[in-house]
Amino acid sequence: MLSVRLFRHPLLWGVFCCALTPTSAVAQEAGDPSGLRTLTAVRLGSDEHLVLDGVLDEPVWHRATPAAGFVQREPATGMPATEATDVRVVYEVRRV
């Protein structure tokens, strides 16, 4: 029997288990080798206010630098994003 022979040879059993274990290289992402990215947040002026209505028409949004360089997780891990994505962060003293 195959199972009996496999258990008799621990080296074969170890090779078999290693062959079934996914490698960490498959999960590595493209991008900055350090893995660190920065995002600059812009503070609202004391006379500025945001209206959370889904329309980004306040002047502060034009001052905020968009983050870019997003990569996919699925279906092609590490590849450039297929959809354009901009992330901008603004904050008040008490809110983000």
Identity of the residue in the range 69-89, surrounded by fewer than 12 Cβ atoms within 10 Å (Cβ to Cβ) and of a type in the set (A, V, I, L, M), that ends up farthest from residue 46 (Cα to Cα): 76
Top-ranked residue in the range 38-53 [being part of a loop (DSSP other than H, G, I, E, B) and of a type in the set (A, V, I, L, M); ranked as farthest from residue 95 (Cα to Cα)]: 39
Restricting the range 54-82 to residues that are among the hydrophobic types (A, V, I, L, M, F, W, C) and outside any loop (DSSP other than H, G, I, E, B), the residue that is nearest to the chain's Cα centre (by Cα): 71
Residues located in the range 51-69, provided they are modelled with pLDDT of 85 or more and either under 17 Å from residue 37 (Cα atoms) or in contact with a helix residue (DSSP H, G or I) (Cβ under 6 Å, 6 or more places away or on another chain) (or both): 64, 65, 66, 67
In the range 83-96, the residues that are aliphatic (A, V, I, L, M) and either touching a His at 6+ places or on another chain (Cβ under 9 Å) or not in a loop (DSSP other than H, G, I, E, B) (or both): 87, 89, 90
Test for residue 67: is it of a type in the set (A, V, I, L, M, F, W, C) and out of contact with any strand residue (DSSP E or B) (no Cβ under 7 Å at 6 or more places or on another chain): no
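The values are calculated or read from the model by the stated rules, or taken from the named source; none is laboratory data. Predicted, not measured: the structure shown is a model, and the values here were computed from it. Positions of Cβ are backbone-derived with ideal geometry, glycine not excepted, and every protein chain shown enters the neighbour counts.
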